[in-house]
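The values are calculated or read from the model by the stated rules, or taken from the named source; none is laboratory data. Owing to the predicted nature of the structure, the values given are computational and were not obtained by experimental measurement. Cβ: placed from backbone, ideal geometry, glycine included. Neighbour counts: every protein chain shown.
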Amino acid sequence: MTKEAAYFISDAHLGATAPDAEEREARLIDFLENITDKASHLFIMGDLFDFWIEYTHAIRPDYFYVLYELRRLKKKGVEIHYLAGNHDFALGAFLSEKLGVAVHPSGCLNVRLQGKTLFLSHGDGLMPSDRGYRVLKKILRNPLCQRIYKLLHPDWGIPLAEGFSRTSRDQINFRSRESERSAYRQVAENMLKAGSDIVVFGHTHYPEIRSWNGKIYCNTGDWIQHFTYAVLENGEIRLEKYGSDDPPFDVLPFPAY
């Protein structure tokens, strides 16, 4: 079977304390198993994990099953790219050296695929109003700061990171407001005007797909509430909900600003 489809997922926030955490993980694993014979590429668009701290000799045990699935996909010939999000930015060598995943610490990637030019980004820090966050982002992602943090024993470092992650997740409803979604659309439209054929973001947790002059902006949504993903086949991208018989999301026009 020829594997020609590229898949895009984001914002599963695995490891976050929630009553349905095991069910959400099982659904994601089922998705990864289902795409094995179809996928040429898998792009993880950030925040697959609620946080990621890569100690030299410790990997969080409850990430094991999903990490195993990524390794299995890689061994089946799927090219996997991991774009750092605002929760899982502290990516070290484990994913690349042990699993064979291509890691993109900047959270952004330009790629040519199926005759299309794609700009991919988790989406954090892209808006003009994110100036303060971009300063904080540089501090948090500084290698020295990360080394200092990892001097904490995992029994201390992980619960502390959980607290930071909960604080960040409190902003999800804020990012899902129409005003915030509109700001992301404007950023995407500028990138489409600059030459990209397709722009894909995550981060907002709000799935949508929009068309501008025949070009496409897609937000992959999340695996907390929507269970949505994007798939690129024959140069055409669509947005779907996993485990649903509903048709793909309608492609809406960009609104007038």
Within the stretch 208-238, the residues that are within 14 Å of the chain's Cα centre (by Cα) and surrounded by 23 or more Cβ atoms within 10 Å (Cβ to Cβ) are Cys218, Asn219, Thr220, Gly221, Asp222, Trp223, Thr228, Tyr229, Ala230
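Is there a residue in the stretch 139-146 that is assigned to a loop (DSSP other than H, G, I, E, B), at pLDDT below 70 and buried (at least 16 other Cβ atoms within 10 Å of the Cβ)?
Looking through the stretch 139-146, at least one residue is assigned to a loop (DSSP other than H, G, I, E, B), at pLDDT below 70 and buried (at least 16 other Cβ atoms within 10 Å of the Cβ).
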Enumeration of residues in the stretch 64-91 that are surrounded by 17 or more Cβ atoms within 10 Å (Cβ to Cβ) and modelled with pLDDT under 90 = Ala84, Gly85, Asn86, His87, Asp88, Phe89, Ala90, Leu91
Over the stretch 1-43, the set of residues surrounded by fewer than 20 Cβ atoms within 10 Å (Cβ to Cβ), within 23 Å of Glu208 (Cα to Cα) and small (Gly, Ala, Ser) is Ala5
Close pairs (6 angstrom Cβ cut-off, 6 or more residues apart or separate chains): at pLDDT 95 or above and outside any strand (DSSP E or B) in the stretch 32-55, crowded, with 17+ Cβ neighbours inside 10 Å and acidic (Asp, Glu) anywhere | Leu32/Glu69
Of the conditions (1) at pLDDT 85 or above; (2) assigned to a helix (DSSP H, G or I), Gly132 fails just one. Which one is it?
-> (1)
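Restricting to the stretch 242-257, name every residue that is among the charged types (D, E, K, R) and not in a loop (DSSP other than H, G, I, E, B). Reasoning before the result, please.
Step one: of the stretch 242-257, the residues among the charged types (D, E, K, R) are 245-246, 250.
Once the filter is applied, which keeps residues that are among the charged types (D, E, K, R) and not in a loop (DSSP other than H, G, I, E, B), the stretch 242-257 yields nothing.
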Pick from the stretch 91-112, criterion touching a strand residue (DSSP E or B) at 6+ places or on another chain (Cβ under 6 Å) and among the aliphatic types (A, V, I, L, M), ranking: farthest from Glu4 (Cα to Cα) = Leu91
Which one of Leu239, Leu192, Leu232, Leu160 is under 27 Å from Phe51 (Cβ atoms), at pLDDT 95 or above and not in a loop (DSSP other than H, G, I, E, B)?
-> Leu239
